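Only the coordinates and a few stated rules stand behind these numbers; no lab work does. Here the structure is a predicted model, which is why all the values come from computation and not from measurement. Every residue, glycine as well, gets a Cβ built from its backbone with ideal geometry; the counts of neighbours run over all protein chains shown.
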Amino acid sequence: MAQPTRLLVLQRPDQPLETVCARLREWGCEPVSCDSYQGAAAALAADGADLVLIDAWIEDCRDGCYRRVV
């Protein structure tokens, strides 16, 4: 059996993540939810990810979160 796709989901704290993560689990993915750049960076450093989904309006990423996470 293949390993599940590990997805790091970076979403604003005021936006619920559980619905998105539940759907990703239904699709056979392993979602890791984060609500800050620091949390995402720590999760990537610890276990990596196959794909990173970033909310464009995350507060601490307005100056280039994509460049910092990737």
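Note down the nm distance, to one decimal, between modelled labels 7 Å out along Cα→Cβ at W27 and at R12.
Label-label distance for W27 and R12, simple model: 2.2 nm.
On full extension of the chain, what length is gained from Q3 through D55, given 0.36 nm per residue of separation minus the C-alpha to C-alpha distance?
Here the answer is 16.2 nm.
Within 10 Å, count the other beta carbons around each residue, average over each peptide in 49-55, 6-12, 21-27, 33-39, and list them highest first. Don't skip to the end; give the middle numbers.
Working: 49-55: 15.6, 6-12: 20.3, 21-27: 13.0, 33-39: 17.4.
The most tightly packed comes first, giving 6-12, 33-39, 49-55, 21-27.
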